[in-house]
1. Out of the residues in the range 498-509 that are within 21 Å of residue 390 (Cα to Cα) and modelled with pLDDT under 95, state the one that is surrounded by the most Cβ atoms within 10 Å (Cβ to Cβ).
2. Given the conditions (1) crowded, with 21+ Cβ neighbours inside 10 Å; (2) more than 21 Å from the chain's Cα centre (by Cα); (3) within 24 Å of residue 463 (Cβ to Cβ), which single one is not true for residue 432?
3. Restricting to the range 472-494, count the residues that are touching a strand residue (DSSP E or B) at 6+ places or on another chain (Cβ under 7 Å), in contact (Cβ under 8 Å) with a residue 40 or more places away in the chain, more than 14 Å from residue 457 (Cα to Cα) and crowded, with 17+ Cβ neighbours inside 10 Å.
4. Looking only at the range 48-73, which residues are free of Cβ contacts under 8 Å to residues at least 24 places away in the same chain and touching a helix residue (DSSP H, G or I) at 6+ places or on another chain (Cβ under 9 Å)?
5. Scan the range 64-72 and tell me whether some residue there is closer than 20 Å to residue 257 by Cα and surrounded by 24 or more Cβ atoms within 10 Å (Cβ to Cβ).
6. Looking for whichever is under 21 Å from residue 370 (Cα atoms), part of a helix (DSSP H, G or I) and modelled with pLDDT under 95 here; the options are 114, 135, 130, 110. Which one fits?
7. Assess whether residue 292 counts as being modelled with pLDDT of 95 or more and part of a helix (DSSP H, G or I).
8. Where in the range 299-407 are there helices (runs of 4 or more DSSP H), lying wholly inside it, with at least 3 residues that are within 27 Å of residue 464 (Cβ to Cβ) and touching a residue at least 40 places away in the same chain (Cβ under 8 Å)?
């Protein structure tokens, strides 16, 4: 258990408690901290644990992994713009015996706990042990508040990026440490692996690379050495992506890789006022962090950082993460995830109990993070539906399958996996064909693709019967409705969470 000083008590052989500081990197301390963080993270997320409907993105990543195991190739047979490393990660999750949903969620909990340890270690640069420990707790509580409870990409790549920053801080604090170029390669290799989970970490990676160069220049490196080191470090960061592209090019699918990974994001359209509303909501939701980082130093007694130079590194990391969030303009809730790691670290000084009368503030920040996380998970549970509803909808679809394909114009990607029928399109993520924002970005005309799908006469079609949240593609929806009216009959309606669906079966002539 923990005391107020931020230590773990371990019973000694004689019954007396031995003290082990959680700020230590001793293996026993790391494992104990990991178990504590993991237990807290799992208990905090129990309302959603085991539910296959946590988030459409996570369902889709698992679907791609499942189809990849069956021989379908990402981008070629199942289209999306996420890096192949993310799908490879989920493919590894499917190798674990048992329910793959439980497997990826447990790995997500483990990743969050491991990231919390790195956050705690980074926070020790600028705050006392107890406050650093709480910074890790805040991260665990805040991630679900932005739909990053289990399997969203930031859950996994935040660990890589935070570790890279920890190595950068150690490099900054120890300029005389041997092999600085090799250390830079190791740091940027972590960035490169993170890039293959989500390309938006590019901005954090550039900031880390520039800080390494600044450190080298401060150490007296001459310009040729800086240039050669910079090229080497950039190569380390780009290597995983180049390997992935080369693998696709070698099999004749290089163009498909480039279109999905790099071109499509630039062609996607904004979704108008909805994106601005999300931005405003996120700014408000992050208020506890703004108070802790910006306001608290003005009215609270703050602890002195152990390494003041490290504080500048951490602030630069946070700024780069904010830029990575802002630049794409869509501002979905899970896009906040990358910011939560540096913001949790920078909030640590405000959590310190320097003056007893100011302890309320740290408790407020922790409580606000917990309330936010629990509230969003409760909303997700209500809106997305339960495992039993998911199983019943799967049964209703399967009973009308006669060896053909199942197509959902709207719906949960996990249904494709649970139904187990063929998918009549490479665009299995519904919003790629049913939203206006994706129309120019996917490489085909969505209305023509929907017409092609419907002409193939899938056995069952699932379509939403609610007002779309995002700007709908009225043309592709009209095409689907026309085919349903002519060739299909509605045989059931179903409510999954708060969404109403219509189930249509092919008319048997």
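1. Looking at the filtered set, the residue picked out is 499.
2. So residue 432 meets the others, but not (2).
3. Summing the residues that are touching a strand residue (DSSP E or B) at 6+ places or on another chain (Cβ under 7 Å), in contact (Cβ under 8 Å) with a residue 40 or more places away in the chain, more than 14 Å from residue 457 (Cα to Cα) and crowded, with 17+ Cβ neighbours inside 10 Å in the range 472-494 gives 2.
4. Within the range 48-73, 68, 72 meet the criteria.
5. Yes.
6. Unique residue meeting the criteria: 130.
7. no
8. 359-384, 387-398
The values are calculated or read from the model by the stated rules, or taken from the named source; none is laboratory data. Computed from a prediction, not measured in an experiment: that's the story for all the values here. A quick note on method: Cβ atoms are made from the backbone with ideal geometry, for glycine too, and the neighbour counts reach across all protein chains shown.
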